[in-house]
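These notes concern the structure reproduced below.
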Amino acid sequence: MGLFDFIKDAGKALGIGGGDEAPTAEDVKKELESHNLGTDKVTVDVDGDKVVVKGDVASQEVLEKVIVAVGNTKGISKVETAVSVPDEKEPRFHTVKKGDTLWAVAEAAYGKGGGPRYTEIFEANRPMLSDPDKIYPGQVLRIP
């Protein structure tokens, strides 16, 4: 079980009107399912600006993608997980700052000379990322 922080005002707006309010559990579950991550055994509850995700997933990679897919939603500031995963370990994330590129994120994550590994970060965040040049401040990325 873990609790992960996100920037409430950053991310994709869900639901009718796409306001600053937290989306409904139904909206979050629908968004999560749109990524085809294998989350059919996952439930989603929304409590204010916190999302609680419960259930089972097939791998650590899927768990981390669930966390960023749900957390990078406008109106959500915390994601709490109670998800069973084989060989679970502590996820590694990076919050994008103004001026960041995936190259810069890779340099920060892997050290000097690590920039060319930006493609690993891009691939690790698919399908939530569709273009390596389209990241935004406040977005949380998983670091493989």
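The values are calculated or read from the model by the stated rules, or taken from the named source; none is laboratory data. This is a predicted model, so every value here is computed, not measured. Here the Cβ positions follow ideal geometry from the backbone for every residue, glycine too, while neighbour counts run over all protein chains shown.
From ASP27, ASP45, which residue is modelled with pLDDT of 90 or more, assigned to a helix (DSSP H, G or I) and not assigned by TED's automatic domain parsing to the domain that holds PRO127?
Values: ASP45 fails: assigned to a helix (DSSP H, G or I).
Only one candidate passes the filter, namely ASP27.
For ALA82, all conditions in the list (1) among the hydrophobic types (A, V, I, L, M, F, W, C); (2) in a helix (DSSP H, G or I); (3) surrounded by fewer than 22 Cβ atoms within 10 Å (Cβ to Cβ) hold save one; what is the number of the exception?
Every listed condition holds for ALA82 apart from (2).
Looking at the range 55-67, can you tell me whether even one residue there is outside any strand (DSSP E or B), basic (Lys, Arg), exposed (fewer than 15 other Cβ atoms within 10 Å of the Cβ) and modelled with pLDDT of 90 or more? Write out each step before concluding.
So in the range 55-67, the residues outside any strand (DSSP E or B) come out as 57-67.
Filter once more, keeping what is basic (Lys, Arg): 65.
This time we only want the ones that are exposed (fewer than 15 other Cβ atoms within 10 Å of the Cβ), so: none.
No.
List, please: which pairs have Cβ atoms under 8 Å, are six or more places apart or on different chains, and start with a residue in the range 95-110 that is without any contact (Cβ under 8 Å) to a residue 40 or more places away in the chain and end with one that is among the basic types (Lys, Arg) and part of a helix (DSSP H, G or I)?
Pairs that qualify, where the first residue is without any contact (Cβ under 8 Å) to a residue 40 or more places away in the chain and the partner is among the basic types (Lys, Arg) and part of a helix (DSSP H, G or I), are ALA106/ARG117; ALA109/ARG117; TYR110/ARG117.
Failed condition for GLU90, given (1) assigned to a loop (DSSP other than H, G, I, E, B); (2) closer than 19 Å to GLU123 by Cβ, with all others met?
Status for GLU90: all satisfied but (2).
Report the residue count in the range 93-129 for those that are within 14 Å of the chain's Cα centre (by Cα) and part of a loop (DSSP other than H, G, I, E, B). Steps first, answer last, please.
First, the residues of the range 93-129 that are within 14 Å of the chain's Cα centre (by Cα): 93-96, 121-129.
Narrowing further to those that are part of a loop (DSSP other than H, G, I, E, B): 96, 125-129.
Number of matching residues: 6.
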